[in-house]
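Everything on this sheet refers to the single structure shown next.
The values are calculated or read from the model by the stated rules, or taken from the named source; none is laboratory data. Just so you know, these numbers come straight off a predicted model, no measurement behind them. Because the Cβ atoms are built from the backbone with ideal geometry, glycine has one as well, and the counts that use them run over all protein chains shown.
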Amino acid sequence: MCSVLLLMLTVISGKVSEAQAAGSSAGKHRQAASGAKGRKRVVRKKAAPATARAPARPRRRGRAAAAGVAAGAVTAATAGAAVAANASSNAAALPPVNTKPELLPRCGFTAASKQHIFSRGVYVLDEQTNTPLFERNADTVAPIASVTKLMTAIVWLDQKSLPMSNRLEVTEDDLDTLKFTHSRLNVGASLSRADMLHIALMSSENRAAAAMSRDYPGGRPAFIAAMNAQAQALGMKQTRFENATGLSPDNVSTPRELAELVKAANRYQLIRNDSLDKQKIINIGRGQLQYINSNRLIRYGQVNATVQKTGFINESGHNMVLRLLVHDRRPVVVTMLGSGSADGSRLDGVRIAKWLNCSLN
């Protein structure tokens, strides 16, 4: 009986101990949970002020960024001013840009190609800027042959009230007794003064030029004197004329001075028209004659010009002068003396025209 009671007491005591242990453990869990909750609340309480102060920080950063941007702008402005100052200084130190026109190597104007020019004397002048573009023996005095007829036309047209429709007859005084050249204008042929001028310029008709010089107040001597006076007035100091046809080797000039003659001739509408006409039928009183332009560059439309004239005698070789219009608008005077052949003179004109059309605007 006692042992039974002792056993029951032992069981009850163990249950009590287990209950106390469970209660103690539960209390610890509640305390831990309570502590955790307390710590969470403390953390939230501490985080709240930080969250409240957070908007203030971007404002400080904004002021700093604004200050940085302002400082950067000042720095950039200072740097820009420095660059501008340096650029200005460098620009002042650089030589001025050469705006004068020139013939360009990429356009074929090379030392080798210049050697292929047949004419002994050449002068190429950009009339727009008065710039020489190419020279060869430009100041060498040489016979100019029928290039003379440009001056013949100028002096003859300068007569006052010249009746161009009046007819002019070819006489024996108009025959060539120097070179004994042939002409289709026989003695007795009668042409209007306008036609005389036309074929003298277009076809280099010698008897027409001779008749024109005779048909002048004071006769032929007065006409030759007027030609030389006009040359001096144009500043052609080394130019001399002995007759109106160019058959005399004593009719001389230089490639540079002939540029002045070309520019003067270009001021006359009749000279421009007649020198560029390709062909014309002339009434000579007892029939008709057809004439063509003696310059094949003009006759076949190989260049665009406003004035031209060719010339040849044995002493001069083949000569040609032109006032070209580069790109149909820019005037360039080209004078060429002393080619060994008519083809050489023509090819020189083609080559120079190509240089000009490629090099100039």
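Mind checking which residues of the stretch 168-185 are within 12 Å of Ala210 (Cα to Cα), in a loop (DSSP other than H, G, I, E, B) and free of Cβ contacts under 8 Å to residues at least 60 places away in the same chain?
Hits for the stretch 168-185 are Val170, Thr171, Leu175, Thr177, Ser183.
When you look at Val147, is it modelled with pLDDT of 50 or more, surrounded by 10 or more Cβ atoms within 10 Å (Cβ to Cβ), out of contact with any Asp or Glu (no Cβ under 9 Å at 6 or more places or on another chain) and among the hydrophobic types (A, V, I, L, M, F, W, C), yes or no?
Yes; evaluated as a whole, the condition is true for this residue.
When the residues of the stretch 200-221 are filtered to those that are at pLDDT 95 or above and hydroxyl-bearing (Ser, Thr, Tyr), which remaining residue is nearest to Gly311 (Cα to Cα)?
Ser204
Considering Val124, Val155, which residue is within 19 Å of Ala226 (Cα to Cα) and buried (at least 16 other Cβ atoms within 10 Å of the Cβ)?
Selected residue: Val155, the only one of Val124, Val155 that is within 19 Å of Ala226 (Cα to Cα) and buried (at least 16 other Cβ atoms within 10 Å of the Cβ).
Condition first: among the hydrophobic types (A, V, I, L, M, F, W, C) and surrounded by fewer than 13 Cβ atoms within 10 Å (Cβ to Cβ). Now tell me which residues in the stretch 223-251 satisfy that.
Hits for the stretch 223-251 are Ala229, Ala233.
Quick check on my filter: what residues within the stretch 170-218 are over 19 Å from Gly287 (Cα atoms), small (Gly, Ala, Ser) and more than 46 Å from the chain's Cα centre (by Cα)?
Result: Gly218, single match.
Among the candidates Met196, Met212, single out the residue that is closer than 29 Å to Arg299 by Cα, touching a residue at least 24 places away in the same chain (Cβ under 8 Å), in a helix (DSSP H, G or I) and out of contact with any Ser or Thr (no Cβ under 8 Å at 6 or more places or on another chain).
Among Met196, Met212, only Met196 is closer than 29 Å to Arg299 by Cα, touching a residue at least 24 places away in the same chain (Cβ under 8 Å), in a helix (DSSP H, G or I) and out of contact with any Ser or Thr (no Cβ under 8 Å at 6 or more places or on another chain).
Against the definition (among the aliphatic types (A, V, I, L, M) and over 24 Å from Glu242 (Cβ atoms)), how does Ala194 come out, yes or no?
yes
Hey, Leu168 hits all of (1) surrounded by fewer than 16 Cβ atoms within 10 Å (Cβ to Cβ); (2) touching an Asp or Glu at 6+ places or on another chain (Cβ under 9 Å) but one; which does it fall short on?
Of everything listed in (1) surrounded by fewer than 16 Cβ atoms within 10 Å (Cβ to Cβ); (2) touching an Asp or Glu at 6+ places or on another chain (Cβ under 9 Å), Leu168 misses just condition (1).
Can you name every residue in the stretch 267-294 that is under 21 Å from Thr335 (Cα atoms) and in a loop (DSSP other than H, G, I, E, B)?
Arg267, Tyr268, Asp277, Lys278, Asn293, Ser294
Considering (1) in contact (Cβ under 8 Å) with a residue 12 or more places away in the chain; (2) assigned to a helix (DSSP H, G or I), say which one Ala225 fails and leave the rest.
All conditions are met except number (1).
Quick one: what pairs do we get from the stretch 237-249, first residue modelled with pLDDT of 95 or more, second among the acidic types (Asp, Glu) and surrounded by 17 or more Cβ atoms within 10 Å (Cβ to Cβ), C-beta under 8 Å, 6+ apart or different chains?
These pairs meet every condition: Lys237/Glu257; Gln238/Glu257; Thr239/Glu257; Ser248/Glu242.
Does any residue in the stretch 304-330 that is at negative phi and touching a residue at least 40 places away in the same chain (Cβ under 8 Å) come within less than 7 Å, Cβ to Cβ, of a residue that is among the charged types (D, E, K, R) and surrounded by fewer than 21 Cβ atoms within 10 Å (Cβ to Cβ) six or more places away or on a different chain, and which pairs are these?
Pairs that qualify, where the first residue is at negative phi and touching a residue at least 40 places away in the same chain (Cβ under 8 Å) and the partner is among the charged types (D, E, K, R) and surrounded by fewer than 21 Cβ atoms within 10 Å (Cβ to Cβ), are Thr306/Arg272; Val307/Arg272; Ile313/Lys179.
Inside the stretch 210-222, can you point out the residues that are crowded, with 18+ Cβ neighbours inside 10 Å and among the aliphatic types (A, V, I, L, M)?
Passing the criteria: Ala210, Ala211, Met212.
Checking Arg346 against (1) in contact (Cβ under 8 Å) with a residue 60 or more places away in the chain; (2) over 19 Å from Ile271 (Cα atoms); (3) charged (D, E, K, R), which test does it fail?
Here Arg346 clears every test but (1).
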